[in-house]
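Heads up: the structure comes next, in structure tokens.
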Number of protein chains: 2
Amino acid sequence: MIPRTAGAFPVTVDVVALTVRDGALHVLLVERLLDPFRGARALPGGFVLPGESLEQAATRELAEETGVTAPASAATGEATRSGRATAVGQPEWHLEQLRTYGPQDRDPRGPVLSVAYLLLAPAFGLPEAGGDAAAAGWFPVPARDLAFDHDRILADGVERARAKLEYSPLATAFCHEEFTVAELRHVYEAVWGTHLDARNFHRKATGTPGFLEPTGHVTTDGPGRPAELYRLVPGVSPTAAVLHPPILRPAERSA
Amino acid sequence: MIPRTAGAFPVTVDVVALTVRDGALHVLLVERLLDPFRGARALPGGFVLPGESLEQAATRELAEETGVTAPASAATGEATRSGRATAVGQPEWHLEQLRTYGPQDRDPRGPVLSVAYLLLAPAFGLPEAGGDAAAAGWFPVPARDLAFDHDRILADGVERARAKLEYSPLATAFCHEEFTVAELRHVYEAVWGTHLDARNFHRKATGTPGFLEPTGHVTTDGPGRPAELYRLVPGVSPTAAVLHPPILRPAERSA
DNA sequence: CCAAAAGTGTTCGACTTACACCCATGG
DNA sequence: CCATGGGTGTAAGTCGAACACTTTTGG
């Protein structure tokens, strides 16, 4: 039924896993144990196996290479799968398709198609490396000299994350379930690399409908007045929902 | 070198080709001559051949099934290929990757990966059908009961186009090289399905930096004062550039 | 009491909107 | 001259930026 002239291509998934640590954006990278690019750093990823969906392949490769796993019981949206990592910090995930690269001129072994995914998570520890990779770790963005065309894929993933912070509740994907407005603001500042006015941000974030819901709890960390804790309004998808009005980055409005 | 457990997947490209005709958004559809879904309407597309890039496959399938061709001499951006159709109206094209679907549960013949592309062009006539398709034609959006998962792909493409009109010069891709402000406004109105105030739109469009450049020419079509002709500022990519401030659709600002 | 962080009120300027008004052409 | 569409001026409302100010904790 499928024409004989049609090519069949090996397909890989590569995951741009981003988090905010120490006030800066970090990406999850592995060191390659096998050729090609042995010893180089790369995005976690690998070949899609027969019978798998792309998202299944992405979560499987992430588990094999970095030890981060998500149970199959996770709630799943249209283009988004959310899970809870059973590894260390038990953070929630948000996985979103980025774009597809190839198949020509990106792998020395021959034509390979790669479907890139963007994963956003709060900071958590890395349990172990495994599979075809060693020394999984968080590296500050931008990272350089990655294997294959991963420099470009990383740049595309970071740009997507930056853009989506503006008009979606995506920033909450970098926070734990309950968070303060200041923690949320630190996410915006880290991803955009800008400084935001704490007062105006507080009013804007709490005033945007469909975004933040107070939990009634407070934190008393460090000096200063205790902050109220918020969560994303239940039922709202951090990757699919749209904020009105948007949270614009300062440079945006230089007309 | 590539592990034997890795699957190899047939890969197709499907093109969501949009244009504005008679004040409404239309999509280019073909009638399938072969099973599966023989006789059903579908997006133009087909299998990627060995040695091809995804964009090459997209333009080849478009040419085979609809007769619309673009020369290889076209200027090419990062994720965007622009061409000039040699068919009838000689319009410029803008091709942009949409997203990837599959490989499971979308083709009765088995797992098939499909990379969807979004093509935007000014209205032009369709020369002929060919290849595995007949009766290529423009159909009003939304279209229903398309083959495979093409209903969803079309919906994703239309939503992408609607969103990108706001913050990119994408609307100019639906116009010929020189166009009036009213023609540009009709594009926004057709894609969004809204009415815009002609006076305010004129000021906004001509006042946004990096968007419109007067050519010095005028049109004298029909009654009324002749309109000045504009073009997109040279060197600006309709798909990649960002407008500041954006052209927001009216419903957007209901806070 | 003081430092520090959370949260509120207020002012100013930029932008959106609605619409009055003028301009230039065909019939 | 008048209908039609192109283009500009202007005033009211809305929103974000900047920042003074109050609140609530720890030392």
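Bear in mind these aren't lab numbers, they're just calculated from the coordinates by the rules spelled out. What you are looking at is a predicted structure, and each value in this text was computed from that prediction instead of being measured. Using ideal geometry, Cβ is built from the backbone for each residue, glycine included, and neighbour counts are taken over all protein chains shown.
Between copies, the label points at B:LEU34 (set 7 angstrom from Cα along Cα-to-Cβ) are spaced 3.4 nm, reported in nanometres from shortest to longest. Taking the longest Cα principal axis of chain A as reference, the axis of helix A:198-207 is set at about 80 degrees. In chain B, the DSSP-assigned H stretches of four residues or longer account for a calculated mean residue ellipticity at 222 nm of -6500 deg cm²/dmol, using -39500 (n - 2.57) per stretch and the full residue count as denominator. Rounded to the nearest whole Hz, the Karplus-based 3J(HN,Hα) values (6.51 cos²θ - 1.76 cosθ + 1.60, θ = phi - 60°) of the range B:179-190 follow the sequence 8, 8, 4, 5, 4, 5, 5, 4, 4, 4, 5, 6, with x at glycine and proline. By the count of neighbouring beta-carbon atoms within 10 Å, fewest first, A:ARG249, B:ARG32, B:ARG203, B:ARG144 end up ordered B:ARG144, B:ARG203, A:ARG249, B:ARG32. Evaluating 6.51 cos²θ - 1.76 cosθ + 1.60 at θ = phi - 60° for every residue in the range B:229-236, the Karplus couplings come out as 9, 10, 9, 5, 3, x, x, 8 Hz, glycine and proline recorded as x.
Counting beta carbons within 10 Å around each of B:HIS150, B:HIS217 and listing the fewest first gives the order B:HIS217, B:HIS150. Taking a straight line from the alpha carbon of B:LYS164, these lysines sit under 24 Å away, with near neighbours fewer than eight places off in the same chain left out: A:LYS164, B:LYS204. Label-point distances for A:PRO142 to the equivalent site in the other copies, using a point 7 angstrom along Cα→C-beta, read 4.1 nm when ranked shortest first. Label point of B:PRO50 (7 Å along Cα→beta-carbon): distances to the other copies' equivalent points are 2.0 nm, sorted ascending. Rounded to the nearest whole Hz, the Karplus-based 3J(HN,Hα) values (6.51 cos²θ - 1.76 cosθ + 1.60, θ = phi - 60°) of the range B:50-55 follow the sequence x, x, 8, 8, 5, 5, with x at glycine and proline. Exposure proxy ranking for B:THR5, B:THR19, based on other Cβ atoms within 10 angstrom of each Cβ and starting from the fewest, stands as B:THR5, B:THR19.
Taking amide hydrogens as placed 1.01 Å from N in the peptide plane, the amide H of A:ALA227 sits under 5 Å from those of A:THR219, A:ASP221, each at least 5 positions away in sequence or on another chain. Once backbone amide H atoms are built at 1.01 Å from N, B:GLN97 has B:LEU118 as its partners under 5 Å, excluding neighbours fewer than 5 places away on the same chain.
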